[in-house]
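Note sheet for the following structure.
The values are calculated or read from the model by the stated rules, or taken from the named source; none is laboratory data. A quick note: this is a predicted structure, and the numbers were derived from the prediction, not measured. Glycine also receives a Cβ, built like all others from the backbone with ideal geometry; neighbour counts cover every protein chain displayed. Just so you know, the surface numbers come from the protein's heavy atoms only, side chains and all, with ligands and any DNA or RNA stripped out. Shrake-Rupley method; radii C 1.70, N 1.55, O 1.52, S 1.80 Å.
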Amino acid sequence: FVKSHGSRAAITTYEGLDFVQKSDFFRYLVLYHVGGIYADHDAEAKRPVDHWPMLENTEILVGLEGFGTSKQKNGLLWARNPQFCQWVLAAAPGHP
């Protein structure tokens, strides 16, 4: 998929990544070209996707993992405030 849909720069970047980074990069490339919803296998939807609060013409949706201070929460230290997750993403095709 990367070789057939990625630019020369994307392919070169992909080839220089480690396994975990390649997985992330692949996920973004698929969402960019095809669109849709990505969720890690252990993510749990609290409500059906068709009941998610989407605004009209929404082109991308990312989860909010942490918001507030940079203090520890359940043994984890948020790196950023707010901190977005990449284990659930939704995007329209071609969204930058």
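To the nearest 0.05, what FRET efficiency results for residue 95 and residue 2 with a Förster distance of 22 Å applied to their C-beta separation?
On the way: r = 18 Å, r/R0 = 0.83.
Working from the Cβ atoms, E equals 0.75.
What accessible area, in Å² to the nearest ten, does a 1.4 Å probe give for residue 60?
Near enough 90 Å² of accessible area.
How high is the FRET efficiency between residue 9 and residue 34 when r is their beta carbon distance and R₀ equals 22 Å, given to the nearest 0.05? Spell out each step's value before the answer.
On the way: r = 20 Å, r/R0 = 0.89.
In this case the efficiency is close to 0.65.
If each residue of separation counts as 0.36 nm, what is the full-extension length gain between residue 18 and residue 84 once their alpha-carbon separation is subtracted?
Values: separation 66, 0.36 × 66 = 23.76 nm, distance 2.18 nm.
This chain segment gains 21.6 nm when fully extended.
Quick check: with the 1.4 Å probe, what order do 8, 47 take by accessible area, largest first? Walk me through the intermediate numbers first.
Details: 8 160, 47 125 Å².
From most accessible down to least: 8, 47.
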